[in-house]
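Readers should treat all values here as calculations from the given coordinates under stated rules, not as data from a laboratory. Worth saying up front: this structure is predicted, and the values here are computed from it rather than measured. No Cβ is skipped: glycine too gets one built from the backbone with ideal geometry, and neighbour counts run over all protein chains shown.
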Amino acid sequence: MKGIVLAGGSGTRLRPLTKVVNKQLLPVYDKPLVYYPIETLLSGGIRDILIISGPEHSGDLLNQLGSGKDFGARFTYDIQEKPEGLAQALGMAEDFSDGEPVTMILGDNIYTADIGPALRNFSPPGAKVFLKEVPDPERFGVPVLNGDRITNIIEKPKKPPSNYCVTGLYMYDHDVFDIIRTLKPSARGEYEITDVNNVYIERGQLRYEVVPGEWIDAGTFDSLLRASTVIAQLRQKS
């Protein structure tokens, strides 16, 4: 299993903090934000990790993270020249994957529970997504649930069909790269990861798990503050 961390983006919702600093390098209590998704991958036994960033901050990430030796891992770096969606970024990892399944995580997502077992129990064919019940599902991709199956995922619906959202952690077999090649840009000009997931739904190959513990999408001032508060409280308990 190979891992991918998406650490690009302009971080416009966090300006002026991100005027000269990559969002994923902002502090969350005692570590840079990007350390948390990396540790999530490590908890699942994933040691070979590709870090994708934009050209503006690739050097900063390399200086901060290095070769991966400090993490007991091996890091590879690539640059997404133009941000055209999560699926487009994932497609960049085809050569890196070398025929293996991949786990992709967004660089601003924090999971406080140990979801390593959920990562380790994935086996092809197919894909897996991780859901969380949230108060504002309209901000995310929202699954249509029918028993223990997802029948559709709707991107940022005005009237969400459930209170669950698809979090920023995804697992795919190697077919994902063939699927990405068939995609067309959405109305906002991006290659959507939701479209990838819906292809797996059509194939009857999308599984899901509900995330225990806290899940924080730390892309706003409020969520970044909440992330530091939550992590500080967990440190004090341990």
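Using the Cβ of residue 157 as centre and a radius below 13 Å, the other residues enclosed give a net charge of +1, where K and R count +1 and D and E count -1.
Averaging the Cα positions of each part gives two centres, and for the range 1-79 and the range 183-238 these lie 16 Å apart.
In terms of distances greater than 29 angstrom between alpha carbons, the cross-link table entries 19/159; 23/132; 69/132; 82/156; 156/237; 128/237 yield 19/159; 69/132; 156/237; 128/237. Each label point was placed 7 Å from the Cα along the Cα-to-Cβ direction; for residue 205 and residue 221 their separation is 4.5 nm.
At an R0 of 30 angstrom, the distance between the Cβ atoms of residue 144 and residue 178 translates into a FRET efficiency of 0.75. For the chain, the convex hull drawn through the C-alpha positions has a volume of 127 cubic angstrom per residue.
Taking trypsin sites (Lys or Arg not before Pro) in DSSP loop states with no more than 10 other Cβ atoms inside 10 Å as exposed sites, the chain has its longest site-free stretch at 20-157. Once the Cβ-Cβ distance of residue 236 and residue 81 is raised to the sixth power relative to R0 = 45 Å, the FRET efficiency obtained is 0.60. Contact order for the range 143-238, expressed relative to its length and based on alpha carbon pairs under 8 Å spaced 6+ residues apart, stands at 22 percent. Would you work out if the range 188-238 is rounded, prolate or oblate? Take a ≥ b ≥ c from the square roots of the eigenvalues of the alpha-carbon gyration tensor; rounded if a/c is under 1.5, else prolate when a/b is larger than b/c, oblate otherwise. Since a/c reaches 1.5 but b/c is at least a/b, the shape of the range 188-238 is classed as oblate.
Working note: 222 nm ellipticity from helices only, DSSP H runs with n ≥ 4, each -39,500 (n - 2.57), summed and divided by the residues of the chain, gives -7500 deg cm²/dmol to the nearest 500.
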